[in-house]
Each structure stands twice: as C-alpha cells, then as structure tokens.
1. Quick check on ALA212: is it more than 16 Å from the ligand (Cβ to nearest atom), out of contact with any Pro (no Cβ under 6 Å at 6 or more places or on another chain) and under 28 Å from GLY33 (Cβ atoms)?
2. Regarding region 275-288, can at least one residue be identified that is at pLDDT 95 or above, within 30 Å of GLY171 (Cβ to Cβ) and surrounded by 21 or more Cβ atoms within 10 Å (Cβ to Cβ)?
3. Is at least one residue of region 152-159 within 16 Å of the ligand (Cβ to nearest atom) and of a type in the set (A, V, I, L, M, F, W, C)?
4. Return yes or no: is ALA135 under 17 Å from ILE63 (Cβ atoms), at pLDDT 95 or above, out of contact with any Cys (no Cβ under 8 Å at 6 or more places or on another chain) and not in a loop (DSSP other than H, G, I, E, B)?
5. Any residue in region 328-346 that is of a type in the set (A, V, I, L, M) sitting within a Cβ distance under 9 Å of a residue that is assigned to a helix (DSSP H, G or I)? List the pairs, counting only those 6 or more apart or interchain.
6. Quick one: THR2 ticks every box in (1) over 20 Å from ALA169 (Cα atoms); (2) in contact with a Lys or Arg (Cβ under 9 Å, 6 or more places away or on another chain); (3) surrounded by 13 or more Cβ atoms within 10 Å (Cβ to Cβ) bar one, so which box is it?
7. Restricting to region 108-154, name every residue that is hydrophobic (A, V, I, L, M, F, W, C), under 25 Å from SER77 (Cβ atoms) and touching a helix residue (DSSP H, G or I) at 6+ places or on another chain (Cβ under 7 Å).
8. Can you give me the number of residues within region 5-57 that are among the hydroxyl-bearing types (Ser, Thr, Tyr) and surrounded by 18 or more Cβ atoms within 10 Å (Cβ to Cβ)?
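The values are calculated or read from the model by the stated rules, or taken from the named source; none is laboratory data. All values derive from a computational prediction rather than experimental measurement. Backbone-built Cβ (ideal geometry, glycine too); neighbour counts: all protein chains shown.
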Amino acid sequence: MTDLALNGGSPTRTTPFPSWPQFDETDERALAGVLHSGRWGMADRIDEFEAAFAAYQEAEYGISLNSGTTALQVALSAVGVGPGDEVIVPSYTFVATASAVAAVGGVPIFVDVLDDTYNIDPASVQEALTERTRAVIAVHIGGQPADLDALGELLADRDIALIEDAAQAHGAAWKGRKIGAIGDLGTFSFQASKNLTAGEGGAVISNNRELADRAWSHHNCGRSRTGAWYEHPRLGSNYRMSEFHAALLLSQLEHLDEQMATRTRNAQLLTSLLAGIEGLTPLKADERVTTHAYHLYVLRFDSERFGGVDRERFIEALNAEGVLCSSGYRPLYREAAFTNSFADYPLETPYFSGKPDYSRFECPVTERICAEESVWLTQNLLLGEEADTRDIANAIAKTREHAHTL
Ligand SMILES: Cc1ncc(COP(=O)(O)O)c(C=O)c1O
C-alpha cells in the first residue's frame with residue numbers, strides 16, 4: 001500500500017464519483033413541454049406533482065412550495081404557531097428547522113439528539129415541554145427516520161403538533177410506512193443537493209384535511225381553495241412552486257426508487273466493509289427504519305481508537321485520497337442567528353421563565369458530535385458501482401493503516 005496521498009503517495013481514487021443531479025432527455029422534454037405550453041405557473045404540472053408526490057409518500061394531501069424552508073414555515077403556521085409559542089427542535093440540524101420557527105414569530109427550543117442515530121432524543125423533548133409548546137419538529141437526519149413511536153406516544157394526549165422535517169428523507173419508511181404524514185404534517189426540500197431535486201423547491205404533506213387546507217392557504221397569499229381569486233380569509237404569502245420545477249420533479253420522481261435501491265445496496269456494502277476498521281462506526285441502523293433514504297452516510301469518528309488522529313486531519317486525508325467528506329453541522333443554538341436575534345424578543349416564555357436566552361442551551365451529545373465525531377459522506381457517493389463503494393472503504397482502510405503518519 002502506498003503512502004497516504006496527503007503525504008505524497010498516490011490517491012486511492014482519481015476518477016470522480018457520480019455527479020449530482022442526474023438527468024436525461026425525459027427531463028429535457030418535461031422542461032421544454034412547460035416552456036412551449038406558455039403556462040409557466042399555477043397550472044397542471046403542479047397539480048400532477050402534488051398528487052404524485054403525496055401518493056409516493058403515502059399521504060392524502062400534498063402542497064408544492066418554493067423551498068423546504070418555506071414548507072416548514074407553512075406547516076408551522078398551519079398548526080397555529082405564532083408569537084410567544086415554543087417549538088421544540090433538535091440542536092443537530094440545518095438552520096431552517098429552527099429559523100422557520102422564528103420566521104412565524106415563535107421561539108425555537110433546542111433539545112439534544114441521540115448519540116447512536118443523531119436524531120432528536122424523545123426524553124429531552126419530554127423535559128422541554130411547557131404549557132406554551134405548540135409543536136415538535138422531528139428531523140429525519142441524513143435520511144434515517146427519527147423515533148416516531150416515542151414522539152407519537154409522548155404527544156398523544158397533548159395539544160402539540162408533530163411536524164416531520166423530511167428535507168433529507170424522501171422515500172424513507174418507518175415500520176413499513178413512508179414518513180411525512182405519520183406526524184401531523186411533513187415537510188420536504190427539493191434543493192440542489194437533495195435526493196429528489198429541481199434545484200430548489202419544497203412540499204408539505206398531510207393526512208389531515210384541515211391542516212392541509214390551512215397550509216395551502218398560507219402558501220397561496222391567504223386564499224381559500226374554494227374562495228374567489230381576490231378573497232383572502234387569512235394572512236399568507238406567496239410560496240408557490242413554478243410549473244418548470246413541478247415538471248422536472250415529476251420526471252425526476254420516476255428515477256427515485258431505483259436511485260434509492262442503489263444507495264441502499266452500496267450503503268449496506270460499505271457498512272460491511274468498514275466493520276473491522278477500528279475508530280470508525282456508522283450510525284446505528286434503527287431496526288424500525290424499514291427504508292433509510294441515505295441522504296448522508298454518517299460515520300462516528302473516535303480519535304482515540306483511530307491512533308490519536310484528530311477528525312479534521314482524518315477528513316483532510318480522506319479528501320486527499322479522492323473521497324470527499326466533511327464534518328457537518330455546528331451546534332445550532334450557538335449561532336448568532338439565535339443568540340443575537342432573540343436578544344430583543346419582546347415576549348417571555350415559560351421555558352426561559354422570562355425572555356429567550358440562548359446561552360442557556362448546552363446539549364452534550366450535539367457538542368461532542370460537532371466538535372469531534374461526525375464525518376459525512378454525501379448521497380452521490382453511494383450512486384456508483386460496487387467498485388466505487390469498495391474504493392471508499394479502501395481509502396478509509398488505508399487512512400487507518402497509516403494513521404501513525406498523520
Ligand atoms: C433538515 C433540513 N431542513 C430544512 C431544509 C431547508 O430546505 P431548503 O434548502 O429547500 O430551504 C434543509 C435543506 O437544506 C434541511 O436539510
């Protein structure tokens with residue numbers, strides 16, 4: 001085995017992994033069809049996509065939007081979150097999960113995640129409940145569903161909505177049922193990196209007619225589905241998707257199952273190949289998760305067991321071997337977006353027994369994950385052949401073997 005590429009050896013991999021997004025002539029035809037139709041907004045492709053995507057996720061109602069962030073805002077508005085309301089969110093997630101709460105006037109309450117799945121910890125949720133908790137957002141991080149049983153049980157007799165942030169989890173399933181409409185509402189993103197994408201876009205799904213109607217109204221200028229065009233029974237905004245996006249998503253949806261099968265096959269192979277390598281463990285696969293979307297393949301890095309190498313150095317070495325990876329999120333409650341913006345929040349809430357104070361949050365699991373543990377491989381690395389997956393494992397094994405040279 002040659003030296004590490006970082007130390008002048010030849011890299012394990014010199015050819016790129018599959019690129020993302022992927023497209024073919026059916027996508028071109030779909031886009032050209034909209035172009036020539038002269039109907040670029042609020043027309044048939046949107047209706048078709050909403051029906052197809054809701055059906056794909058096994059939900060009754062689907063609403064298309066312009067992003068996953070606005071999907072969260074619309075879902076939060078639909079369940080009635082407003083000024084002074086608390087919404088419990090995991091501290092290990094993309095900023096939108098929490099900033100959407102602030103955007104509708106609410107206060108995000110951060111809780112810790114489980115150290116074996118990185119998903120929201122139901123026990124921490126329980127501890128954070130107050131009389132002003134209006135909703136809990138369960139993020140299916142990396143594409144692995146959060147513990148929907150525990151959260152469902154916890155919220156069953158309370159007037160608190162469960163929103164699934166499924167931005168990373170298209171097609172994922174919990175005990176055989178697709179996620180998204182297991183909670184009250186589910187939100188999705190079709191931003192460029194996502195497993196189903198049109199560059200940008202989002203969706204809300206639900207099995208609850210009333211919530212779906214409210215979400216529809218919020219995304220369409222506060223109109224009602226049955227009202228006149230210039231009648232606005234609610235305050236809303238324009239978060240609609242374009243026909244181009246809907247047409248592209250419809251044609252991309254045709255490829256999703258096949259791509260998911262490839263990712264799953266490669267992820268399982270990678271897990272088996274990494275089994276003997278000391279100092280790296282994939283996240284636990286919860287046995288109730290019957291389909292993992294593998295938006296991310298996440299490794300838990302243990303510096304002590306990896307020859308004392310620190311995580312950043314490991315990531316540098318693996319990148320030099322031609323396997324691109326990164327360390328992922330930072331603890332969200334530390335971001336100035338929350339610490340500064342909420343300094344002037346005009347209302348007190350029970351969680352804080354006063355005005356919001358984000359310096360109070362300290363989630364030890366999130367802190368450790370972010371500081372030293374998580375290593376992310378993105379979904380496109382899992383879209384290749386078996387040999388591509390073997391290259392990932394070989395690069396990691398080589399890095400482990402040469403750890404003493406790092
Ligand atoms: C967990 C999570 N929630 C929400 C979003 C927001 O989606 P979008 O980028 O489409 O606004 C993302 C996307 O990056 C995400 O990963």
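1. Yes: the conditions hold for ALA212.
2. yes
3. no
4. no
5. Taking only residues 6 or more apart or on different chains, the pairs are LEU332/THR97; LEU332/ALA98; LEU332/PHE338; LEU332/THR366; ALA337/ALA98; ALA337/SER99; ALA337/ALA102; ALA343/TYR358.
6. The single condition THR2 does not satisfy is (3).
7. ILE109, PHE110, VAL111, VAL125, ALA135, VAL136, ILE137, ALA138, VAL139, LEU151, LEU154
8. 2
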